[in-house]
Structure formats: structure tokens, C-alpha cells
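S.K.: Quick one: the structure is below, and I'll ask about it shortly.
The values are calculated or read from the model by the stated rules, or taken from the named source; none is laboratory data. What you are looking at is a predicted structure, and each value in this text was computed from that prediction instead of being measured. All Cβ positions, even for glycine, are placed from backbone atoms using ideal geometry, and neighbour counts span all protein chains on display. Accessible surface areas use protein heavy atoms only, side chains included; no ligands, DNA or RNA. Shrake-Rupley method; radii C 1.70, N 1.55, O 1.52, S 1.80 Å.
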Amino acid sequence: MDIKLKKLLDQKTQDVWRETLLLHKRSPETRVASSLSCVELLVSMYYGDILKYNPANPSWEGRDRFIISKGHGSISLYPILADLGFFPEEELMNIGKAGSFLGSIPDPVIPGYETVNGSLGHGLGVACGMAIALERKKSSSQVFVMVGDGELYEGSNWEALMLAGHHRLNNLTLIVDHNKISMLDFCDNIISHGSLGTKFEAFDWKVAEFDGHDIETVHHHLEAARKDNSSGPKALIAHTVKGKGGGHLENDSLCHIKSLKPEHVDELLENKERP
Amino acid sequence: MIKNVKPMRDVFLAGLIEKMENDPKIFFLAADFGAPTLDILRDKFPDRFINVGIAEQNLINVAAGLALEGFKVFAYAIAPFITMRCYEQVKVNLALMSQVKEMNVTLIGVGAGFSYVVSGPTHHSVEDISIMRTLPNVEILSPADWVSAGSMVDFTVETPGIKYLRFDSQPTPAIYSETACFEEKGFNILSNGSKACIVSTGYMTQEALAAAEQLKNEGLNISVIDIFKLKNPDFKALADVLSKYNYVVSMEEGFIYKGGLDSLLLNIANDYKLKYDFKAVGLDDNYKFELGNRRQLLANYKAERTNVAADIKEYFSK
């Protein structure tokens, strides 16, 4: 990887980690653990020249469509969208307050978000419809959708996986934030996902699995998926740690519903680097 | 034999095919559910037709994705499944989303009311009027015959937003003439009488007309209003018409006291301070497994033409 790009992505990862914790400090009802597991994925998408977007015109026809199906766990996208100019950075100070559009679950009233989020298992099916539409419109734009692994318990995902595989949707990439923890427990104690990759392959998806916190690896796989227009739909399974850099939340089986106390955020931020 | 009987869906689809010839933005999705005319459509427009399989949740989600990209989407399935199986998909990705993004989606549900007569309660659609009325940003269109069903093509193609069409699965005799039927105001006066008025929707308009005919033979002239827009008809215009009557009867092939047509009429009475006596005809709070023809199924709930005629006669004999 280009050294300059590596440096940029590393720096942005630190910035987004820090800003996400600060957002959580301002609005403790936000889901911080699941927002921390996908930081490198989001940073790579937006700063790594993967996604085509236009902050001045969020609905620019030439953009790639990025559906954040795991809406709760994407608070870490707020600082990215603000930094890129989708909305003023001051808005980050108003999260959760009356009159702000930054809630604990993002909706398309936030510039940069494509769909209504909060109810799980919808994003992939909507993404299929968009992918078909873009193909029919002969557009070079692509569709990315990010889901959590707990979200994959929703059966509607598997209806969409079947359809996308059968129709060879070349312009569709699914990113799984595979942090192994759902709301109440480790996934393995609820219903084990077993090998997600094997399951997706059985549905005729092309699969890559990798460490979702290694920015070079993350970027490599996102770039490869963006360039590959002939293998049918692609699934990127990013193995991540839920609550990454969130102190005692890290890998706690109940971290999805736990908040960090303000003083814990301050302690964490005394470190200049994401732990 | 009743003449001029046709299925709503085939008449509608024939009109839609004509539109698709000139409008490349129309896309058709089906959940593995057909019609003779649909065979023509999918043959003619293979690039704008997809059968998503028996998967109504995905039907709605894919429809939403296509609509967000500017297609005018028609999604087609059996009525109870395209409303109830995927209700939350309709709420989130159509009702909610269309409030913030421009979308044009028409859901076509076939099998309104008891029209899948012998298939039993799973295939009967007697909850859809109430539950779809609950959703903001969704219009409900409930035609009474194939002529009015066919007249809804233009409205559904040209009007942005979310629409739910509830079609009978059985061929229906024509009530309307082919030139006049679809009205923006959402209802039509089919028979003009004094004092009493039946307001009915879908197949029940056929029953209402039969009840009116019976009463006419017995010397009682009553009105029948066919209401086909069940969400946002022209309330004022409807109130003006209803204000002429002392007795109003609603007829719907669905559960009563649950937000359906009866609620719509009671709310109008309340909002416009109308003073009519009111009776809701439809299904009371239970399912029935008994087999029978359609009129027998309705008679089980005292909602068939002769029940209604007897009720109105009794009202005026007091």
C-alpha cells in the first residue's frame, strides 16, 4: 500500500475512534460498541478512494450507493460525513438533542445516508433492488451494504442472498461486520453462524474473509471488490472485535447495550492512540 | 348467466402493458404469482420483469431499491401475503422511506376478501383494509369490478407515492361503463335513493347493488356509493353526499370495528357533524373454517345481500 495512503487511513482511524467516543459521551444512548467494530471498514470506504460520493450533492446520480443496514452500529460514520462536508461539523455537538438530525439510529434525513435504518435485515434486499436498477440504467455505480452478524438472523437477508446469487449481481458487495456478538450474548451461544463464508458461497457469492482491523488488508479487499465486475455478488467478511478501543466494553458479551461513563471516555482519550 | 365478466388483474395488466411500451421506467416484480396477461408482460419485457420467488419480504425490499433509483415499480402477489407477510418491510421501506425520498410503488394484491373462496382463512384477505389504512403515505385502491380496476392504470403509473391495489381473484361482472369510473374523489354514486345509503367497497359493492335491487322490488329506494379510495377520498365531497341520509350502512369484506371502511365513515360523521344512524356490515371478531360459496361465507357473518336488505327494511319498519 502507498505509504501516504496508509498514513492517512491510520490517522483517520484514530480520529474517527476519538470522535465516536466523544459522540457517545454526549449521547450515551448511542450504541458505541458496534460503532467501534467497523471503524477501519468505514474509514477505508470513505478515505481510501473506494466509494464514489459527492458531499455537496449527496444524491448525485454518479455516486456509489452505500447502505448501512446495521444502522445502530454506525455512529462512527457521523464524524466521517461531517469531516467530508456532508453536513457542518458543529452538528456533531448536537447529537441526540432536540432539533438535531443526528439520532442514535441514523435515517436518510442525515445527508449521506441512503435508507431508513434501525429495523434490521432490510438493507440487503433494498440493495439488490438498487443493484438491478443501476445495471438496467447501465450505470457504473456500485452498491455496498454493511450488515452486522447478529442482523443475519433476520430471514429476509437470506431471501436477498438467494436472489443476488441467482441474478449474478456483479455490482453488489456485502460487508459483514463479523464481531461475533449480538445484543444479549456471543452469537455462538445464540445460534452459531458456523462458517459464514461457506454459507455465502453456497448461495453463489464470491467470498473474502479477513481481519477487519488491519487497515491495509481491509483496504485491499474493498478495492478488489470495487474493481471486480464479473464475479457476481461479493461478500467481505471482516472479523472484528466488538467495542474495539472501548476499554472494558471490548468483547464483553453485553457490550451492545452497555454505555461508557463520561470519565471512562476521558480515560480512554488520554491515550493518543486507539488501544 | 351474467355477461361481461372478466378478472380485474388481467384487465389491469393489459393496460399496464400498453403503458410499458412507452414508459421504460416501469418495472414489474412478482412473488411467483401469475395471470394469463402476466405471461404476455414477462414475455414482452424480460428486462423489466423479475420473479423474486415466494419471498414477499424481499419483493418489497427489491421494489424499494428499484423505486429509489427512479423506476415506477409494480409488485404483485396474493393479497394477504403482500400486506401481512411483509408488513414491516412495507412500513419501513415504502411508507417511511417515501416520506423522505421520492418513490413510485404500486402493490397489487390479488384475493381481496373471501375471493379465494375455498382456499380457507390463510388465503382470505379480511385484515388488509384496516392494517394498510394505518400506514401513512399509502393510498388504498379497492375496485368493485374489472372496469374500474382497468381505469386505475393511469393513476398508479402517474401518481408518485405508495399505492395498494386490492383485486378480487374471481372474475367480476362489469358495474361501470367503460368511459366513466375512476374519479380523483375516490367514490361514485351508483344508485340514487332517499333516506338510506349503503357505502361499500370491492366485491361488497356487487352485494350492495343486489341488496338495493331487492329493496327496490319491495318498494324501498336506497342509494349505493362505491368507494374505491379507502385512505384519502375527498372527505368533504363524501360528507356532502352522506348528509342527505338518515341511515348509512357500510359494507366491507373485512373485519369491522377495526379501522376499516366503517371507521372511515364514522370519522367523517364525527368530523362533519353528520347525524345519521349507522350500521357496520362485515366480519365480526372471529375466523371461520366452514366451506361454502362466497355468499354463504358472508352469510356466516350476516354480511350477505339478503341480510343487509332485511336490516334496512327493519330499520324503516320501526
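S.K.: Which whole number gives the average, over all residues in A:117-126, of C-beta atoms from other chains lying within 10 Å of the residue C-beta?
M.R.: Mean shielding by partner chains, rounded to a whole number: 6.
S.K.: Does the range A:95-206 come out rounded, prolate or oblate by the C-alpha gyration tensor, with a ≥ b ≥ c the root eigenvalues, rounded set by a/c under 1.5 and, if not, prolate when a/b is larger than b/c and oblate if not?
M.R.: Taking the square roots of the gyration eigenvalues as a ≥ b ≥ c, the range A:95-206 is oblate.
S.K.: Please identify the chymotrypsin sites (Phe, Trp or Tyr not before Pro) of the range B:218-318 that satisfy two criteria: DSSP loop assignment and at most 16 other Cβ atoms within 10 Å. Which are they?
M.R.: Passing sites in the range B:218-318 are B:257, B:272, B:287, B:289.
S.K.: Once you treat every alpha carbon in the range B:19-80 as an equal point and sum by Debye, what is log10 I(q)/I(0) at q = 0.16, 0.24, 0.29 Å⁻¹?
M.R.: -0.47, -1.03, -1.34
S.K.: For the range A:134-174, what % of the accessible area comes from carbon and sulfur atoms, probe 1.4 Å?
M.R.: About 52 percent, which is the carbon plus sulfur part of the accessible surface.
S.K.: With each label point set 7 Å from Cα along the Cα-Cβ vector, what nm distance links residue B:278 and residue B:307?
M.R.: Result: 2.0 nm between the two label points.
S.K.: Right, another one. Residues of the range B:49-84 losing 20 Å² or more of accessible area relative to the isolated chain, 1.4 Å probe, heavy atoms only?
M.R.: Those residues are B:50, B:55, B:57, B:58, B:61, B:62, B:65, B:66, B:68, B:69, B:71.
S.K.: Right, another one. Based on Cβ point charges of +1 for Lys and Arg and -1 for Asp and Glu, what charge dipole magnitude is obtained for the range B:187-317 about its Cα centre, in debye rounded to the nearest 20?
M.R.: Value, rounded to 20: 220 debye.
S.K.: On the accessible surface of the range B:187-317, probed at 1.4 Å, how many percent belong to carbon and sulfur atoms?
M.R.: 47 percent
S.K.: I've got another one for you. In whole Å, how far is the Cα centre of the range A:162-232 from that of the range B:71-112?
M.R.: Each part reduced to its Cα centre gives a spacing of 28 Å.
S.K.: Now for a different question. Taking square-rooted eigenvalues a ≥ b ≥ c of the alpha carbon gyration tensor, is the range B:236-282 rounded, prolate or oblate, where a/c under 1.5 means rounded and, failing that, a/b exceeding b/c means prolate?
M.R.: Cα axes put the range B:236-282 in the prolate bin.
S.K.: Now a separate question. Chains B and A: how much accessible area gets covered up at their contact, both sides added, probe 1.4 Å, in Å² to the nearest hundred?
M.R.: 2100 Å²
S.K.: Expressed as cubic angstrom per residue, what is the convex hull volume of the alpha carbon set of the protein assembly as shown?
M.R.: 167 Å³
S.K.: Name the lysines eligible as straight-distance cross-link partners of residue B:313: C-alpha to C-alpha under 18 Å, and not fewer than 8 places from it in the same chain.
M.R.: Answer for residue B:313, where 18 Å is the Cα cut-off: B:195, B:216, B:279, B:302, listed by chain and number.
S.K.: Turning to a different aspect of this structure: Run through the DSSP bridge list for chain A and note the antiparallel percent, rounded to the nearest 5.
M.R.: 5 percent
S.K.: Find which of A:157, B:196, A:48 sits farthest along the positive direction of the dipole of the protein assembly as shown, computed with +1 on the beta-carbon of Lys and Arg, -1 on that of Asp and Glu, about the Cα centre.
M.R.: B:196
S.K.: Now for a separate question. What's the longest piece of chain B with no exposed GluC sites (Glu not before Pro), counting a site as exposed if DSSP puts it in a loop and it has at most 13 other beta carbons within 10 Å?
M.R.: Formally, the longest exposed-site-free interval is B:1-101.
S.K.: Still on this structure: Can you tell me the accessible area per residue over the range B:187-317, all protein chains present, probe 1.4 angstrom, in square angstrom?
M.R.: Normalised by residue count, the accessible surface of the range B:187-317 is 44 Å².
S.K.: Using a Gaussian network model of chain B with C-alpha springs under 10 Å, which one of B:151, B:191, B:119 is most mobile by mean-square fluctuation?
M.R.: Comparing B:151, B:191, B:119 in a Gaussian network model of chain B, the most mobile one is B:119.
S.K.: Which residue, B:80, B:173, B:143, has the most motion in a Gaussian network model of chain B that connects Cα atoms within less than 10 Å?
M.R.: Maximum among the listed residues: B:173.
S.K.: As an exercise, find the ratio Rg/Rh for the range B:5-173 from alpha-carbon atoms, using the Kirkwood inverse-distance average for Rh.
M.R.: Dividing the radius of gyration by the Kirkwood radius yields 0.93.
S.K.: Normalised by the empirical 2.2 N^0.38 Å for globular proteins, what value does the Cα Rg of the range A:3-270 take?
M.R.: Ratio of Cα Rg to 2.2 N^0.38 Å: 0.94.
S.K.: Shape verdict for chain B, please, from the Cα gyration tensor: rounded (a/c under 1.5), prolate (a/b greater than b/c) or oblate.
M.R.: prolate
S.K.: Within the range B:5-173, what whole-number % of the accessible surface is contributed by carbon and sulfur, with the 1.4 Å probe and all protein chains included in the calculation?
M.R.: 53 percent
S.K.: By what distance, in whole Å, do the Cα atoms of the range B:187-317 stretch along each of the three principal axes, largest value first?
M.R.: Over the range B:187-317, Cα extents along the principal axes are 41, 34, 23 Å.
S.K.: Quickly rank A:61-70, A:156-165 as a protection proxy: mean count of other C-beta atoms within 10 Å, highest first.
M.R.: Ranking, from highest mean packing down: A:156-165, A:61-70.
S.K.: With charges only on Cβ, +1 for K and R and -1 for D and E, what is the dipole size of the range A:115-226 about its Cα centre, in debye, rounded to 20?
M.R.: Dipole of the range A:115-226, to the nearest 20 debye: 680 debye.
S.K.: Now for a different question. I'd like the distance between the alpha-carbon centres of the range A:53-107 and the range B:213-283, rounded to an integer number of Å.
M.R.: 48 Å
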